[in-house]
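Read the structure below first, then the notes.
The values are calculated or read from the model by the stated rules, or taken from the named source; none is laboratory data. Keep in mind the model is a prediction, meaning the values are calculated, not measured. A quick note on method: Cβ atoms are made from the backbone with ideal geometry, for glycine too, and the neighbour counts reach across all protein chains shown.
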Amino acid sequence: MSGETLTSGEYIKHHLTNLTFGKHADGGWGIAHSAAEAKEMGFWAIHLDTMFWSLLLGALFLYFFSKTAKSATRGIPGGVQNFVEWIVEFIDSSVRGSFSARNTLVAPLALTIFVWIFLQNLMDLVPVDVIPEISKLLGIHFMKVVPSTDPNATFGMAIGVFLLVLFYSIKIKGVGGFVGELTLQPFSSKNPVVNLLFIPINFILEFVSLAAKPISLALRLFGNMYAGEMIFILIAIMYNAGLILGLFGGVLQLGWAIFHILIITLQAFIFMTLTIVYLDMAHHEH
């Protein structure tokens, strides 16, 4: 923990507060210096830490993979090239198994989603006080380092996928085919009058199913990563609760970190797989 005295509640609130930039109550723009100020900034506030870490990790991914691709050789690959090729082959096999149409965008998109989300999740394994304490020395009050624990980030990625699903649904099936999927199923009848009565019922059911796709994508990733971050914070509190609890907290932290490696990988894989499945559904008639 930091040198200043904080209660457990204040410590948790501090570590769960984003570095927020937005409009203050007095009309001026700036960075919030408390959770209350951040809340007052409303919808149009920007979480600077989420933006910084997500963009930095995305840039590192692009740099690492592009550099490896440019230096790739035909002979026996080195360790780095072998690792990148293994990831690419893993993503390619996942796309081939879940996507039956032809679209050159899907595999690169799946690779980007998996690696980018994995890197964001991986930041959860950094000790919870290290980067925030360094940030305090630089005069930065708040610093959340796991972008996927911010619903703004997870919803942003999910909405991006959802827009692609809508685009390809209309492109492949046409406006009429897309509207027909929302209004002519699951209930239908040979009687045109009865079929007309089914349209609003079908639309409600299908629209809820369609809207649930980005919501489930975003909340599943956010919920799992937020819970993992909270557990790490609670374990960190134990270090100030005496020697015995501190030692017990160290054992818990090691155990949870090892288990959390599975969680961060699984969440990236699930987000990627559902993206592929949703895009596959957009390319075919129901």
Count of residues meeting criterion [under 30 Å from ILE172 (Cα atoms) and touching a Gly at 6+ places or on another chain (Cβ under 9 Å)] in region 54-107: 0
Selection status of ILE270, among the β-branched types (Val, Ile, Thr) and under 30 Å from LYS171 (Cβ atoms): yes
Cβ pairs under 7 Å, 6+ apart, first in region 55-73 and free of Cβ contacts under 8 Å to residues at least 24 places away in the same chain, second assigned to a helix (DSSP H, G or I): THR68/VAL80; THR68/GLN81; THR68/VAL84; ALA72/GLN81
Selection within region 237-286 - among the polar types (S, T, N, Q) and under 30 Å from PRO186 (Cα atoms): THR273, THR275
Selection count where residues are outside any helix (DSSP H, G or I) and not hydroxyl-bearing (Ser, Thr, Tyr), scope region 169-222: 6
Test result for PHE269, surrounded by fewer than 13 Cβ atoms within 10 Å (Cβ to Cβ) and assigned to a helix (DSSP H, G or I): no
Residue in region 189-196 that is free of Cβ contacts under 8 Å to residues at least 40 places away in the same chain, among the hydroxyl-bearing types (Ser, Thr, Tyr) and loosely packed, with under 13 Cβ neighbours inside 10 Å present: yes
Residues located in region 33-68, provided they are of a type in the set (Gly, Ala, Ser) and either assigned to a strand (DSSP E or B) or modelled with pLDDT under 90 (or both): SER34, ALA35, ALA36, ALA38, GLY42
